[in-house]
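Everything below concerns the one structure shown next.
Nothing in this text is a laboratory measurement; each read-out follows from the coordinates by a stated rule. This one's a predicted model, so the numbers in the text were calculated from it and none came from an experiment. Methodologically, a virtual Cβ is constructed for each residue, glycine included, from the backbone with ideal geometry; neighbour enumeration extends over all protein chains shown.
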Amino acid sequence: MSQLIRKLVLFTLSFCLVWATPALGQQGIFPNFSVNFPDFSIHDSPILSPFHSEKSTAPVTLDGRELFQVGEFNNTENPIAATKRAEEINKRIEQAVESQQSPQLEVKKVNGLPTIILNDSHLFTVTSAEIANGETADQKADSLQKIIKSSITQAQRERSTGSQHRYYLLAGLLVGLAIILHRVLTLLKDYHFWQTWKYIVPWFGLAYPEKLSERSLFSKLKLDLLKLVVWLGTLYWLSELFPMARSLRYETLSSFWRALNSPLFSLSGRDYSIISILFLLGLFWALIYLTKTFTRLLRNSFPTHIRMNRASQEVFFIITQYGLLAIGTIILLQVWGVNLSSLTILGSAFGVGIGFGFQDIAKNFASGIVLLFERSVQIGDFIEINGHKGTVEKVGARSIVLRTLDRISIIVPNSSLLADEVVNWTHEGSISRLHLPVGVAYGSDTEIVKTVLFEVATNHPEILRSPPPQVFFVGLGESSLDFELLVWISEPRHQLRVKSDLYFEVEKLLSDREISIPFPQRDIQLRGSNLAFNLSPTIETALLSWLEKDNPSQSTKSSRNGKNGN
């Protein structure tokens, strides 16, 4: 079902791009929108010229449809600008449409130039500015005559009463279809595609289906986007039906396009507009996407016979990606026409900004480069930093990803790895030693304790035989005889579990041999002949009663001494 929705979305978007884009409209049916694409010609220095906002031609339009372009009329006495010529031609064509008379066009020679006559009135003279693609002036005049005549005839037919009635009926059908599609797309958020029709026609009395499980946010956004496309397409087709709406749409889109294509700033003697900036950003996005894709393909197809560990491969992939990105950026800026030498001041200001506002980012990035070449922390290492133990899953340009024993990912900045103390359990080898302190009560047989500790270390499957386990009598403590068991393991990630297993077994075997593990004890001795202290009446009465039961004569004497002391 999701694939069907995806195909429907792609089909609708493709349909709107092909038919609703003004630049791709067909002559006489859809408006030919003037799009000023960049010049890809080769110059002295290879550059991709930005979008130009200066135009030497102007469009002639009728009811929101562009008919053709006219240029400037170069007359030594009185030159006429292209926009002025286009305005005059538009006005006379609109007058011919409003007259509701069949247009009469002919081509005459005036001062050696072909001139188009409309209804016995001069329309315009075809100059070299309108001639292109190797045509002659007479051929161009004949083709323009046919275009103007067919456009006027079509405009008059669209203004007839019968056509207007058909257009109103078609507009109602389009709006109704848009409402139905909107309703279907809304129901698709909760129901299957083939179940939504039961809600579209509820008067059939069919049982309502059960709702789907909650759709993902991305699926809902796709459906909302599709609804937006439906209504935009409906508005476009509605504006295409009526000449006034079509003219308003053309003027709105033309003004919007001119605003985007107007110069925004100048750099190295070149003007840059919003469109040119967006085009450049699109190229940058494509460059980033291509470099990531190439690096991913290189990572997936890296030869297995090359003896490089995972960390070395990751260093190679990261350097390759950022190297390609840097080279591509330089090439793209030069091809676009940006003189990199003119960016010296901008680069200096950017460097100062990095020093103050982005110092943490710059510090982490520099630390990441150092880590990549120093390789003190690599992917797969088991490290401990700031009280966190885990495996390094990723080494990036700004930070690393530490996967703890609790399966929690911690993002650690690269600068912390250089500034703080890092315990790397697997640096240049994964074998590490564990220290297990054990205390037993005074009077215990030390040989038995030593035997027990050796037995526990020997029987555990993850304890290495070489280097062998060791037991040390480290000292006489305040409450216990202190021993320390030293064992070696090959997987530092398992140290917590190994310690737990060893302590469980040590406690069991010591208990079987009746060797106790003491807890701290303190003996308090009170010295002095005059120790006065006050007791509450309740405690004093209870204490005297207890002493009288035990030794009546001694308790009476003690009570007297207590009163004298008080």
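So the values come out like this:
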item	result
Nearby aspartates and glutamates by direct alpha-carbon distance to Lys222 (threshold 16 angstrom, same-chain neighbours under 8 apart not counted)	Asp190, Glu214
Rough spin-label spacing in nm, given labels placed 7 Å along Cα→Cβ, for Lys220 and Ser479	5.9
Set Lys84/Lys149; Lys189/Lys220; Lys108/Lys146 screened for pairs whose C-alpha atoms are more than 18 Å apart	Lys84/Lys149
Förster radius 22 Å - calculated FRET efficiency between Leu173 and Leu232, Cβ distance, rounded to 0.05	0.80
For Leu177, net neighbour charge (Lys/Arg +1, Asp/Glu -1) across residues whose Cβ lies under 14 Å away	+2
Of the GluC sites (Glu not before Pro) in segment 419-472, those whose Cβ has at most 12 other Cβ within 10 Å and which sit in DSSP loop	Glu421, Glu428
Spin-label model distance (nm) - Ser121 vs Met244, 7 Å beyond Cα toward Cβ	2.3
For segment 107-122, 3J(HN,Hα) per residue [Karplus equation, 6.51 cos²θ - 1.76 cosθ + 1.60, θ = phi - 60°, Hz, x = Gly/Pro]	10, 10, 8, 10, 6, x, 10, x, 10, 8, 10, 10, 6, 6, 10, 5
Local net charge near Ile431, Cβ-Cβ under 15 Å (Lys/Arg +1, Asp/Glu -1)	-1
Förster radius 22 Å - calculated FRET efficiency between Arg407 and Leu496, Cβ distance, rounded to 0.05	0.95
Environment charge at Arg249 (Cβ cut-off 14 Å; Lys +1, Arg +1, Asp -1, Glu -1)	-2
Long-range amide H partners of Val70 with built H, under 5 Å	Ala58, Val60
